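Asker: Dropping a structure here in structure tokens format, bear with me for questions.
The values are calculated or read from the model by the stated rules, or taken from the named source; none is laboratory data. All figures in this text were calculated on a predicted structure; none of them were measured in a lab. All Cβ positions, glycine included, derive from the backbone under ideal geometry; neighbour counts span all protein chains shown. Quick note on the areas: whole protein, heavy atoms, side chains included, nothing else; ligands and nucleic acids left out. Shrake-Rupley method; radii C 1.70, N 1.55, O 1.52, S 1.80 Å.
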Amino acid sequence: MDSSSIVFWIGSILVLLMVSAFFAGSETALTAVSRGKMHQLEKDGSRAAANVNALILDREKLIGALLLGNTFVNILASSIATTLLETNLGPRAVAVATILMTAIILVFGEVLPKTLAIARTDRFALAVAWPVRRAVAILGPIVGAVQYIVWRVLGLLGVRQEEAEIIVPAHAEIRGAVEIHHREGSVEREHRDMIGGILDLQDLAVSEVMIHRKNMVTADADQPAQALIEEVMASGHSRVPLWRGNPENIVGILHIRDVVRAMLRNGGATAGIDVAATASEPWFVPDTTTAEEQFEAFRQKRSRFALVVDEYGALQGLVTLEDILDEIFGDLPDEFETAPRPDVRRKQDGSYLIDGKVPVRDLNRDLDWNLPDEEATTIAGLVIHEARTIPEVGQRFAFFGYKFEILRRQRNQITALRVTPPQKVDTVPPG
């Protein structure tokens with residue numbers, strides 16, 4: 001073999017190595033590329049991003065074409081190297097070529113391009129999208145035949161193509177991505193909680209976010225107008241449910257604005273005003289309604305206040321638009337609140353004194369805890385659920401790495417408890 005032929009074949013090997021690097025890097029970049037970013041770039045008019053999105057729609061075909069191309073050029077380069085070395089090395093050429101080409105392909109055909117693709121994933125994917133799309137189109141028929149053979153063989157082993165991919169719900173994928181970015185430090189905890197709160201709305205029932213009937217502020221509609229107005233004004237709420245005969249028999253929702261208007265029409269006097277007549281009709285919703293559905297219902301009805309009933313029509317509580325927004329943005333204190341969380345007080349030893357009615361979700365959000373909230377809404381309910389009994393004052397429990405001590409109990413209700421987390425969390429100032 002003359003020198004010109006040797007130079008030609010060495011040049012061919014170098015070209016094949018570059019093609020191998022192209023296929024290897026493209027596989028890494030296109031499988032790791034951010035789908036959300038590519039979708040946004042396509043919306044902004046990027047043709048390269050459109051090519052990327054078209055490729056990743058059929059990942060199996062994409063990977064098959066890239067692997068086929070990469071395998072072909074690697075084997076061809078190794079065969080040429082073996083042929084070149086046979087002239088001088090004879091039978092040893094196969095062993096030498098195998099070792100030499102393995103090292104070269106590993107470094108320059110695999111590790112280097114894949115490392116570059118990981119470091120510059122989106123740029124790499126946009127750069128190679130057009131030529132890869134052409135390569136996939138050319139190799140498509142061969143890949144299709146290979147896929148057919150592969151799935152027939154897998155079928156013999158009990159693997160069906162329709163069972164190949166378990167679709168991850170979009171909400172779970174978003175939640176997981178946000179959590180990863182939070183751990184990496186690129187997403188603040190508050191932002192993570194807000195996004196998580198939005199995603200949770202479709203799974204939360206209004207019964208989990210409502211104000212329980214025991215904590216509702218209501219007024220007797222049959223009492224004298226003066227007394228009724230004074231009671232409503234002193235409540236600190238703009239809307240107060242009115243009842244007759246039984247506190248659970250709600251007959252209307254009294255708005256402070258309507259009371260003021262009635263008083264102005266009456267010359268500022270309360271005498272002669274039929275306060276109950278100014279109340280609006282109550283709006284009842286089932287306790288199985290999701291927070292997302294109720295939020296949309298508030299928008300459509302242009303209302304902010306609804307009463308929650310169970311399947312038997314019994315009053316369970318009330319839910320407001322603010323209650324749902326609290327699930328997204330956290331507790332929204334009003335001008336009457338003097339402390340961020342008066343029902344959660346941190347002690348010097350790192351424990352927390354918590355009212356039993358505080359929702360578990362609020363504690364998880366405010367203190368960055370990780371207590372389960374699937375089986376119980378409040379912290380007291382969680383303890384009762386896990387203890388399988390109604391604890392006595394002074395009893396102590398340990399669940400999920402947290403320690404619980406019962407401080408106060410009223411009849412069958414836990415009203416206060418001490419919770420010690422696994423580690424100190426400096427979220428609420430000592431009080």
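Asker: Under 9 Å between Cβ atoms, which residue pairs at least 6 apart in sequence (or on different chains) link something in the stretch 83-110 that is surrounded by 14 or more Cβ atoms within 10 Å (Cβ to Cβ) with a partner that is among the hydrophobic types (A, V, I, L, M, F, W, C) and outside any helix (DSSP H, G or I)?
Answerer: Pairs that qualify, where the first residue is surrounded by 14 or more Cβ atoms within 10 Å (Cβ to Cβ) and the partner is among the hydrophobic types (A, V, I, L, M, F, W, C) and outside any helix (DSSP H, G or I), are Leu84/Met1.
Asker: Please determine whether any residue of the stretch 133-140 is within 16 Å of Ala29 (Cα to Cα), of a type in the set (A, V, I, L, M), surrounded by 14 or more Cβ atoms within 10 Å (Cβ to Cβ) and touching a residue at least 12 places away in the same chain (Cβ under 8 Å).
Answerer: Within the stretch 133-140, the subset within 16 Å of Ala29 (Cα to Cα) is 133, 135-136.
Still in the running and of a type in the set (A, V, I, L, M): 135-136.
Now narrow it down to the ones that are surrounded by 14 or more Cβ atoms within 10 Å (Cβ to Cβ): 135-136.
Within this subset, residues satisfying the condition of being touching a residue at least 12 places away in the same chain (Cβ under 8 Å) are 135-136.
There is at least one residue in the stretch 133-140 that is within 16 Å of Ala29 (Cα to Cα), of a type in the set (A, V, I, L, M), surrounded by 14 or more Cβ atoms within 10 Å (Cβ to Cβ) and touching a residue at least 12 places away in the same chain (Cβ under 8 Å).
Asker: Go through (1) closer than 13 Å to Val136 by Cβ; (2) in contact with a Pro (Cβ under 6 Å, 6 or more places away or on another chain) and name the single condition Gly25 misses.
Answerer: (1) is the only condition that Gly25 fails.
Asker: Let me ask something else about it. Could you list all residues from the stretch 218-250 that are closer than 13 Å to Leu307 by Cβ and among the aliphatic types (A, V, I, L, M)?
Answerer: Val240, Leu242, Ile250
Asker: So which of Leu66, Leu62 is in contact with a Phe, Trp or Tyr (Cβ under 6 Å, 6 or more places away or on another chain), open to solvent by less than 70 Å² (accessible area, probe 1.4 Å), in a helix (DSSP H, G or I) and in contact (Cβ under 8 Å) with a residue 40 or more places away in the chain?
Answerer: On the way: Leu62 fails: in contact with a Phe, Trp or Tyr (Cβ under 6 Å, 6 or more places away or on another chain).
None of the other options fit; the residue is Leu66.
Asker: Among the numbered criteria (1) at pLDDT below 85; (2) in contact with a helix residue (DSSP H, G or I) (Cβ under 8 Å, 6 or more places away or on another chain); (3) not β-branched (Val, Ile, Thr), which one does Glu190 miss?
Answerer: (2)
Asker: Return the residues of the stretch 150-161 that are aliphatic (A, V, I, L, M) and either over 18 Å from Leu66 (Cα atoms) or exposed (fewer than 10 other Cβ atoms within 10 Å of the Cβ) (or both); say none if nothing qualifies. Quick ask: steps written out before the conclusion?
Answerer: Let us first name the residues in the stretch 150-161 that are aliphatic (A, V, I, L, M), namely 150, 153-154, 156-157, 159.
Listed by number, the residues that qualify are Val153, Leu154, Leu156, Leu157, Val159.
Asker: Looking for whichever is open to solvent by 50 Å² or more (accessible area, probe 1.4 Å), among the charged types (D, E, K, R), within 27 Å of Glu173 (Cα to Cα) and assigned to a helix (DSSP H, G or I) here; the options are Glu42, Glu27. Which one fits?
Answerer: Within the list Glu42, Glu27, the selection yields Glu42.
Asker: List the pairs whose first member sits in the stretch 175-187 and is aromatic (Phe, Trp, Tyr), whose second member is open to solvent by 60 Å² or more (accessible area, probe 1.4 Å), and whose Cβ atoms are under 8 Å apart, counting only residues at least 6 apart or on separate chains?
Answerer: none
Asker: For the structure I just gave you, tell me whether Glu208 is charged (D, E, K, R), open to solvent by 50 Å² or more (accessible area, probe 1.4 Å), under 22 Å from Ile328 (Cα atoms) and assigned to a helix (DSSP H, G or I).
Answerer: It is true that Glu208 is charged (D, E, K, R), open to solvent by 50 Å² or more (accessible area, probe 1.4 Å), under 22 Å from Ile328 (Cα atoms) and assigned to a helix (DSSP H, G or I).
Asker: Continuing with the same structure: Give just the number: which of (1) crowded, with 17+ Cβ neighbours inside 10 Å; (2) in contact (Cβ under 8 Å) with a residue 12 or more places away in the chain does Gly144 not satisfy?
Answerer: (1)
Asker: A further question on this structure: Quick check on my filter: what residues within the stretch 181-205 are in a helix (DSSP H, G or I) and among the β-branched types (Val, Ile, Thr)?
Answerer: Ile195, Ile198
Asker: Criterion first (modelled with pLDDT under 90, over 29 Å from the mean Cα position of the chain (by Cα) and either open to solvent by less than 70 Å² (accessible area, probe 1.4 Å) or hydroxyl-bearing (Ser, Thr, Tyr) (or both)) does Gly394 satisfy it?
Answerer: Taking the combined requirement at face value, the residue does not satisfy it.
Asker: Does Phe8 satisfy the condition of being of a type in the set (Phe, Trp, Tyr) and surrounded by fewer than 17 Cβ atoms within 10 Å (Cβ to Cβ)?
Answerer: On the way: of a type in the set (Phe, Trp, Tyr): yes; surrounded by fewer than 17 Cβ atoms within 10 Å (Cβ to Cβ): yes.
So Phe8 fits the description; yes.
Asker: Are any residues in the stretch 339-368 in contact with a Leu (Cβ under 8 Å, 6 or more places away or on another chain) and on the phi > 0 side of the Ramachandran plot, and if so, which ones?
Answerer: Of everything in the stretch 339-368, nothing turns out to be in contact with a Leu (Cβ under 8 Å, 6 or more places away or on another chain) and on the phi > 0 side of the Ramachandran plot.
Asker: Can you tell me which residues in the stretch 215-246 are assigned to a loop (DSSP other than H, G, I, E, B) and among the small types (Gly, Ala, Ser)? Working first, answer last.
Answerer: Taking the stretch 215-246 and keeping what is assigned to a loop (DSSP other than H, G, I, E, B), we get 216-218, 221-224, 235-238, 244-246.
Ala221, Ser235, Gly236, Ser238, Gly245, listed by residue number.
Asker: Is it the case, given these coordinates, that Leu17 is part of a helix (DSSP H, G or I), touching a Gly at 6+ places or on another chain (Cβ under 8 Å), more than 30 Å from Tyr148 (Cβ to Cβ) and in contact (Cβ under 8 Å) with a residue 24 or more places away in the chain?
Answerer: yes
Asker: So, in the stretch 397-431, of the ones that are open to solvent by 60 Å² or more (accessible area, probe 1.4 Å), in contact with a Lys or Arg (Cβ under 9 Å, 6 or more places away or on another chain) and at pLDDT 90 or above, which residue ends up farthest from Asp331 (Cα to Cα)?
Answerer: Looking at the filtered set, the residue picked out is Lys403.
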